[in-house]
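Q: My questions will all concern the structure given below.
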Amino acid sequence: MLKAIVIDDELYAREELNELLVESQQVEVIAQCSNAIEGLKAINSLKPDVIFLDIHMPQITGLELLSMLDPVSMPKVVFVTAYDEYAIKAFEDNAFDYLLKPVESSRLHKTLQRIKLINEQKLDQPNYSPITCQKLELIPCSGFNRILLLEPNNIEIAMSEQTGVHLLTDSDKFTASLSLKVLEEKTDLIRCHRQYLINPTCIREIKLLDNGSAEIVTKSNHHAPVSRRYLKVIKDRFGLL
């Protein structure tokens with residue numbers, strides 16, 4: 001049985017789709033989320049087989065959420081949309097699956113059959129890049145018992161630790177639900193170490209060390225290691241010899 005998460009800001013739409021999925025006897029709904037931030041956390045922690053994702057949601061849209069997922073570990077995605085026929089045609093041309101609101105049982109059955117076929121034939125995930133944003137405008141993160149939508153240019157350092165991916169600003173530390181790989185691909189942060197990204201506009205000093213590596217000091221006096229592998233790339237970026 002497929003494990004699914006339903007992400008939609010409309011309570012009635014979530015409950016209606018959940019009932020249809022339960023009635024299909026092919027899907028176990030392991031979570032229902034009312035916004036993209038809740039959805040992102042649920043996806044990362046519960047590892048569903050498929051997500052049913054509303055496109056129009058406040059603050060972070062379904063397409064923006066899609067941009068935050070790692071393509072390697074991304075579940076199957078079924079859009080739930082009220083788009084007109086021309087927009088739907090665009091989805092079909094890019095091999096996306098979708099459900100048009102209000103969801104019909106017969107159409108849902110076709111979607112589930114399609115997912116079953118993809119799983120049985122081990123087909124590749126569709127290429128979502130044509131309709132997702134190339135750069136993230138907001139990064140959902142948590143800290144001090146709150147959830148914050150952080151602009152990428154406010155991040156000085158991103159680092160991966162056992163407790164998660166942490167973001168350092170000029171005065172705060174937050175935990176992000178995104179991987180370093182996604183942050184590297186979807187923001188202007190650059191790699192300086194296997195476990196660190198740095199905002200190039202926030203670099204104050206690069207300390208060269210005797211072992212061929214280096215250390216970056218940011219404008220707010222945060223420190224990040226630079227491995228030998230990435231030191232040349234950073235030197236070339238800034239025209240250093």
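Q: Report the gain in length on full extension from ASN221 to GLN162: 0.36 nm times residue separation, minus Cα-Cα distance, nm rounded to one decimal.
A: Here the answer is 18.9 nm.
Q: When the Karplus curve 6.51 cos²θ - 1.76 cosθ + 1.60 is applied with θ = phi - 60°, which whole-Hz ³J(HN,Hα) does each residue of the stretch 16-31 get, with x for Gly and Pro?
A: 5, 5, 4, 4, 5, 5, 5, 5, 5, 6, 10, 9, 9, 7, 8, 6
Q: How far, in nm, would the chain grow between GLU19 and ASP84 when pulled straight, counting 0.36 nm per residue and subtracting the alpha carbon separation?
A: 20.9 nm
Q: Also: If you add up the charges near SER177, with Lys and Arg at +1 and Asp and Glu at -1, over every other residue whose beta carbon is less than 12 angstrom from its beta carbon, what do you get?
A: -1
Q: Considering the options SER213, ILE157, THR169, tell which one lies farthest towards the positive end of the dipole of the stretch 142-238, charges being +1 on Lys and Arg and -1 on Asp and Glu at the Cβ, about the Cα centre.
A: Most positive-ward Cα: SER213.
Q: Where does the charge balance sit around LEU2 when Lys and Arg score +1, Asp and Glu -1, over other residues with C-beta under 15 Å from its C-beta?
A: +1
Q: Quick one: if you stick a label point 7 Å off each Cα along the C-beta vector at HIS109 and LEU46, how many nm between them?
A: The modelled label-to-label distance comes out at 2.6 nm.
Q: Let me ask something else. For the stretch 142-241, what's the relative contact order in percent, using C-alpha pairs closer than 8 Å and at least 6 residues apart?
A: It rounds to 20 percent for the stretch 142-241.
Q: Something else now. Which value in nm describes the separation of the simple spin-label points at ASP70 and SER142, placed 7 Å from the Cα toward the beta carbon?
A: So the label points at ASP70 and SER142 sit 1.9 nm apart.
Q: Right, something else. Treat each spin label as a single point 7 Å out from the Cα along the C-beta direction, and report the ILE190 to LYS235 distance in nm.
A: Each label point lies 7 Å from its Cα, and together they span 1.4 nm.
Q: Provide the percentage of antiparallel DSSP beta bridges, counting only those with both residues in the chain; round to the nearest 5.
A: Percent antiparallel among DSSP bridges in the chain is about 60.
Q: Which lysines does LYS232 reach when only Cα atoms under 18 Å apart count, and residues fewer than 8 places away in its own chain are ignored?
A: LYS207
Q: Here's a follow-up. Just order 30-43, 151-164 by mean Cβ neighbour count inside 10 Å, highest at the front, would you?
A: 30-43, 151-164
Q: With the other protein chains left in place, how much accessible area per residue, in square angstrom, belongs to the chain at a 1.4 angstrom probe?
A: Using a 1.4 Å probe on heavy atoms only, each residue of the chain averages 54 Å².
Q: What is the magnitude of the charge dipole of the chain about its Cα centre, with +1 placed on the Cβ of each Lys and Arg, -1 on the Cβ of each Asp and Glu, and no other charges, expressed in debye to the nearest 20?
A: Its charge dipole is roughly 1160 debye.
Q: Please name whichever of CYS202, LEU20, ILE51 sits farthest to the positive end of the charge dipole of the chain, dipole taken about the Cα centre and charges placed at Cβ: Lys and Arg +1, Asp and Glu -1.
A: Most positive-ward Cα: CYS202.
Q: List the aspartates and glutamates whose Cα sits under 18 Å from the Cα of LYS186, skipping any in the same chain fewer than 8 residues away.
A: Once the sequence-local aspartates and glutamates are set aside, what remains near LYS186 is GLU64, ASP70, GLU137, GLU151, GLU156.
Q: Which whole-number percent is the relative contact order of the chain (Cα, under 8 Å, 6+ apart)?
A: About 12 percent, as a whole number.
Q: Same structure, new question: Students often forget the sequence filter, so: which lysines lie under 21 Å Cα-Cα from LYS110 once same-chain residues fewer than 8 apart are removed?
A: Of all the lysines, those that pass the test against LYS110 - Cα under 21 Å, at least 8 places apart if same chain - are LYS3, LYS76, LYS89, LYS101, LYS122.
The values are calculated or read from the model by the stated rules, or taken from the named source; none is laboratory data. All of these numbers come straight from a predicted model, not from anything done at the bench. Positions of Cβ are generated from backbone atoms using ideal geometry, with glycine treated the same way; all protein chains shown enter the neighbour counts. The accessibility values were calculated without ligands, DNA or RNA, using every heavy atom of the protein model including side chains. Shrake-Rupley method; radii C 1.70, N 1.55, O 1.52, S 1.80 Å.
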